[in-house]
Amino acid sequence: MEISAAGRLEVRITTADVGKRVSVRRLSHPSGSTGTQKKFTDTVGVLASWDDGVLLITRRDGELVRIPESSLVAGKVVPAAPARRRGPAASCPELARISARAWRPLESERLGDWELRAAGGFTRRANSVLALGDPGLPLDDALSVVRRWYGERGLPAYVQATTGGEDTQELLCAQLAERGWVREVTAELWTGALAPVADRETPVEVRLSRRADEAWLARYRRKGLSEVALRVLNGGPSVWFATVPDEQAGAPP
């Protein structure tokens, strides 16, 4: 927190710091208190907005925190979270683009840097906007195009956005929430090094196929896969399906 020479906490953020990563301390009263007991709560995240005396801060996990301006006791702009010593070398936008290549829609259209994707409603990922970069329009206009594009295809409008890391889209998520968009589904993107897998003392047999066969599809947790779904699953420039055989059952797990 920011402390003055007199030893007092100070609020050193303003509305001009919207879009920056901040750390704030606010005064709150615990449940059941008499009003004389003080409790402080710290919040770190992106300052998404500061309107009508209320700050909206998006935390790394995507949670939106609303803070009354009157409750602030300290605040400052802080640098972006340091990169982990171990982890993926790619940035969050790069990982989003890479993962999108393995789950291609049947139809897509560019809106500036955004990609509008549709696949007959099979999975949100293939039927949502990959909102990376600048749509080339003011946000409200871009969202109008998005709603119209999906409406013409009889689909709800979804936006895929990334939170919880450096160069992610907490600000966009907050702007969507302010416009009435609702966060429905959260998915995690996991990455890992391949070398430790290759160094395992006990090798594990993995069967690879270029197409999703009946055994693989039997374990896929979706019922009644349509032809559209199979086209999405088997689409992409280079798709492989992996199966680890179950020695006891004689079937893929």
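The values are calculated or read from the model by the stated rules, or taken from the named source; none is laboratory data. This is a predicted model, so every value here is computed, not measured. Reconstructed Cβ throughout: ideal geometry from the backbone, glycine too, with neighbour counts over all protein chains shown. Side chains are part of the model used for accessible areas, which takes the heavy atoms of the whole protein and leaves out ligands, DNA and RNA. Shrake-Rupley method; radii C 1.70, N 1.55, O 1.52, S 1.80 Å.
When ranked by the protection proxy of mean other Cβ atoms within 10 Å per residue, highest first, what sequence do the peptides 228-235, 201-208, 114-121, 9-16 form?
The most tightly packed comes first, giving 114-121, 228-235, 9-16, 201-208.
Taking all protein chains in place and a 1.4 Å probe, what share, in percent, of the accessible surface of the stretch 144-183 do carbon and sulfur account for?
47
Assign one of three labels to the stretch 117-223, namely rounded, prolate or oblate, based on the Cα gyration tensor with a ≥ b ≥ c the square roots of its eigenvalues; rounded applies when a/c is under 1.5, prolate when it is not and a/b is larger than b/c, and oblate otherwise.
oblate
Taking amide hydrogens as modeled 1.01 Å from N in the peptide plane, which residues meet the under 5 Å criterion relative to Gly136, leaving out close sequence neighbours?
Asp113
So, by mean Cβ neighbours within 10 angstrom, what's the order for 174-187, 57-70 with the highest one leading?
57-70, 174-187
Taking the solvent-accessible surface of protein heavy atoms with a 1.4 Å probe, what is the per residue accessible area of the stretch 206-247 in Å²?
76
Say each of Val73 and Leu95 gets a label point 7 Å from the Cα, pointing the same way as Cα to Cβ; how far apart are those two points in nm?
Inter-label distance under the simple model: 3.6 nm.
Go ahead and run the numbers for FRET between Arg59 and Thr191, Cβ-Cβ distance against an R0 of 25 Å, rounding to 0.05.
In this case the efficiency is close to 0.70.
So how much slack lies between Val228 and Trp240, counting 0.36 nm per residue of separation and subtracting their Cα-Cα distance, in nm?
Extra length from Val228 to Trp240 when fully extended: 2.5 nm.
Pull up all non-local amide H partners of Val129: gap of 5 or more, or a different chain, and H-to-H distance under 5 Å with H placed in the peptide plane.
Correct list: Arg117, Tyr158, Val159, Gln160.
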